[in-house]
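Student: Would you mind keeping the following structure in view while I ask a few things?
The values are calculated or read from the model by the stated rules, or taken from the named source; none is laboratory data. Bear in mind that the values here come from a model prediction, so they are computed numbers and not experimental data. Glycine also receives a Cβ, built like all others from the backbone with ideal geometry; neighbour counts cover every protein chain displayed.
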Amino acid sequence: MNDEGDVTAEGVLRRVEQEGIRFIRLWFTDILGNLKAFSINSTELADAFDGGMGFDGSSITGFNAVEESDMIAVPDPRTFAVLPWRGGDHAVARMFCDIRTPEGHPYEGDPRHILRRAVQRARDMGFDDLMVGPELEYYYFRDARGTEVLDEGGYFDLTALDAGSDLRRDTVLGLEQLGIHTEYSHHEVGPSQHEIDMRYADAQTMADHTMTYRITVKEYALKYGCHATFMPKPLFGSNGSGMHTHQSLFRDGRNAFFDPDDEYNLSAVGKAFMAGQLRHARELSSIFAQWVNSYKRLVPGYEAPVYVAWSRRNRSALVRVPMYHPGRERATRIELRCPDPACNPYLTFAVLLQAGLEGIEHGYELPAPMEKNLYRLSPEDRRRLGVEQLPATLGEAIELTAQSELVLRALGEHTFNRYIEIKRQEWDDYRVQVTPWELERYLPVL
């Protein structure tokens, strides 16, 4: 992740001393993808590299109960970076950590470890890595208490309406200081909605990048006196925020999805990988769209796909295969359009990879592409064509996940059981609420 200098523990220690870095924040995520951190003094850094730093895991969502709460955070020197938004006399750096048990074993509830296991399965099958390029959309609002937008700009607008352009520019510069290469940044379709696209990277690096991206966007918004949110659907009547996820497998340094002789330039490996994600999409839904609010975005009519199909150009399909450009074989990929930017990227990339590998391992056959606008087909036509639909609610989604052997294997028993428990509770908490919509609609007439 960090392109500057020596990324070994010794190199990090030298840099900390040379630059007078006083504090280091150790980052990791809970089961839901919330960023967690604690700070250590630079004088403790050598000990942190040698044996990790202990902490109480019982208060971290999805981690062990209090009677088994001792955890060790082991910093990954490859992720060392100085935080650009932390000014003052003493610079503050951060590193992502791997979570271990007191015995030194990888902790089964650590999302970073769960993704690493998925990547190892790919390597055991002869692939180098999963390459991922997510496109995270988000909104800027005046503050965290409401949804007052900063502008009324639209897609790719470059006018005075785009009040977030300077903020977005500074955010891009901050990401680059953190070692994250960005390719595009622009205003999105919704008012005050924006997108910054990171250059693709291997799945582990990109999951770390995604966590860094989200906190960086939020920190720079605070500096400008506003609030950034990755909530999937904050505004009724406007587009939600998605995380279109571009994926490809590499083998021996070459793109395993590319086939020059195929009409779609997609290899048998690429087709089987896509077939795996399509076949398992419904049971994975509660991972890549994990919140009650996620399902307010996954409805027809707002560019969010809900129908389980694939296409070349049809953006109403769940998976799109971008057009091949001669000489750019490495860019051959599939684009899964249903994840949202509030997911846990480690778990999301892990289950997507596991589903794709399942398709390769078992030779799943890819159905024919759907080039029709699926939103305009009647339910009867979709049934006739065999086009399924993603779950309509978190409640439906989590029950499909609860029956999934694939997700159980991908997450491991501990994380699987805790995740199901937490999400069932979230759905129960939501469904007993009485909303303003219900009061306005029913109170006067019932």
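Student: Please name all residue pairs, on different chains or six or more residues apart, with Cβ atoms under 7 Å, provided the first residue is in region 428-446 and is touching a residue at least 24 places away in the same chain (Cβ under 8 Å) and the second residue is small (Gly, Ala, Ser) and assigned to a helix (DSSP H, G or I).
Tutor: ARG431/GLY395
Yes/no matrix, rows are residues, columns are (1) in a helix (DSSP H, G or I); (2) over 24 Å from PHE349 (Cβ atoms):
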residue: VAL16; (1), (2): yes, yes
residue: ILE21; (1), (2): no, yes
residue: ILE24; (1), (2): no, yes
residue: TRP27; (1), (2): no, no
residue: LEU32; (1), (2): no, no
residue: GLU44; (1), (2): yes, yes
residue: PHE49; (1), (2): yes, yes
residue: SER58; (1), (2): yes, yes
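Student: Moving on. Could you check GLY395 against (1) crowded, with 18+ Cβ neighbours inside 10 Å; (2) under 20 Å from the mean Cα position of the chain (by Cα); (3) free of Cβ contacts under 8 Å to residues at least 60 places away in the same chain and say which number it fails?
Tutor: Every condition holds for GLY395 apart from (2).
Student: Right, another one. Examine region 332-345 for a residue that is buried (at least 18 other Cβ atoms within 10 Å of the Cβ) and farther than 30 Å from ILE31 by Cα, and state whether such a residue exists.
Tutor: yes
Student: Answer yes if at least one residue in region 197-212 is surrounded by fewer than 24 Cβ atoms within 10 Å (Cβ to Cβ) and over 20 Å from CYS343 (Cα atoms), and no otherwise.
Tutor: There is no residue in region 197-212 that is surrounded by fewer than 24 Cβ atoms within 10 Å (Cβ to Cβ) and over 20 Å from CYS343 (Cα atoms).
Student: With the condition kept exactly as written, say whether any residue in region 317-325 is surrounded by 22 or more Cβ atoms within 10 Å (Cβ to Cβ) and over 20 Å from GLY276 (Cβ atoms).
Tutor: no
Student: Given LEU235, LEU266, LEU249, which one is assigned by TED's automatic domain parsing to the domain that holds TYR346, of a type in the set (A, V, I, L, M, F, W, C) and under 30 Å from SER192 (Cα atoms)?
Tutor: One residue alone meets the criteria, LEU235.
Student: Any residue at all in region 218-229 that's in the same structural domain as MET243 (by TED's automatic domain parsing), surrounded by fewer than 22 Cβ atoms within 10 Å (Cβ to Cβ), of a type in the set (Gly, Ala, Ser) and within 28 Å of ALA122 (Cβ to Cβ)?
Tutor: Within region 218-229, none of the residues are in the same structural domain as MET243 (by TED's automatic domain parsing), surrounded by fewer than 22 Cβ atoms within 10 Å (Cβ to Cβ), of a type in the set (Gly, Ala, Ser) and within 28 Å of ALA122 (Cβ to Cβ).
Student: Moving on. Give the residues of region 354-382 that are surrounded by fewer than 12 Cβ atoms within 10 Å (Cβ to Cβ) and among the basic types (Lys, Arg), sorted by residue number.
Tutor: ARG376
Student: Looking only at region 325-351, count every residue that is assigned to a loop (DSSP other than H, G, I, E, B), in contact (Cβ under 8 Å) with a residue 40 or more places away in the chain and in contact with a helix residue (DSSP H, G or I) (Cβ under 8 Å, 6 or more places away or on another chain) and tell me the total.
Tutor: Selection size over region 325-351: 8.
Student: Would you point out the residue of region 179-196, among those that are of a type outside the set (Ser, Thr, Tyr) and assigned to a strand (DSSP E or B), that is surrounded by the fewest Cβ atoms within 10 Å (Cβ to Cβ)?
Tutor: Among them, the one singled out is GLU183.
Student: Can you tell me which residues in region 24-50 are among the hydroxyl-bearing types (Ser, Thr, Tyr) and touching a helix residue (DSSP H, G or I) at 6+ places or on another chain (Cβ under 7 Å)?
Tutor: Passing the criteria: THR29, SER42.
Student: Name the residue that is farthest from ALA397 (Cα to Cα), counting only residues in region 266-316 that are among the charged types (D, E, K, R) and surrounded by 20 or more Cβ atoms within 10 Å (Cβ to Cβ).
Tutor: Step by step, filter region 266-316, then rank; the result is LYS271.
Student: A further question on this structure: Answer yes or no as to whether VAL407 is touching a strand residue (DSSP E or B) at 6+ places or on another chain (Cβ under 7 Å) and surrounded by 18 or more Cβ atoms within 10 Å (Cβ to Cβ).
Tutor: no
Student: Kindly indicate which of ALA410, ALA397, ALA355 is modelled with pLDDT of 95 or more and either touching a Ser or Thr at 6+ places or on another chain (Cβ under 6 Å) or among the hydroxyl-bearing types (Ser, Thr, Tyr) (or both).
Tutor: ALA397 is the lone residue from the list that is modelled with pLDDT of 95 or more and either touching a Ser or Thr at 6+ places or on another chain (Cβ under 6 Å) or among the hydroxyl-bearing types (Ser, Thr, Tyr) (or both).
Student: Of all residues in region 106-126, how many are closer than 25 Å to ARG337 by Cβ and surrounded by fewer than 21 Cβ atoms within 10 Å (Cβ to Cβ)?
Tutor: Summing the residues that are closer than 25 Å to ARG337 by Cβ and surrounded by fewer than 21 Cβ atoms within 10 Å (Cβ to Cβ) in region 106-126 gives 2.
Student: Continuing with the same structure: Show the residue pairs that are 6+ apart or on different chains and have beta-carbon atoms under 7 Å apart, the first residue being within region 32-54 and without any contact (Cβ under 8 Å) to a residue 40 or more places away in the chain, the second being assigned to a helix (DSSP H, G or I).
Tutor: The qualifying pairs are ILE40/ALA48; SER42/VAL16; LEU45/LEU13; LEU45/VAL16; ALA46/LEU13.
Student: Within the set of pairs 6+ apart or on separate chains, which have a first residue in region 247-269 that is outside any loop (DSSP other than H, G, I, E, B), a second that is small (Gly, Ala, Ser), and C-beta atoms under 7 Å apart?
Tutor: LEU249/ALA122; LEU249/ALA256; PHE250/ALA256; ARG251/GLY126; ASN255/SER248; PHE258/SER267; VAL269/ALA256
Student: Picking from ARG282, ARG297, ARG320, ARG312, which residue would you name as being within 17 Å of the chain's Cα centre (by Cα) and of a type in the set (D, E, K, R)?
Tutor: After applying the criteria, what remains is ARG297.
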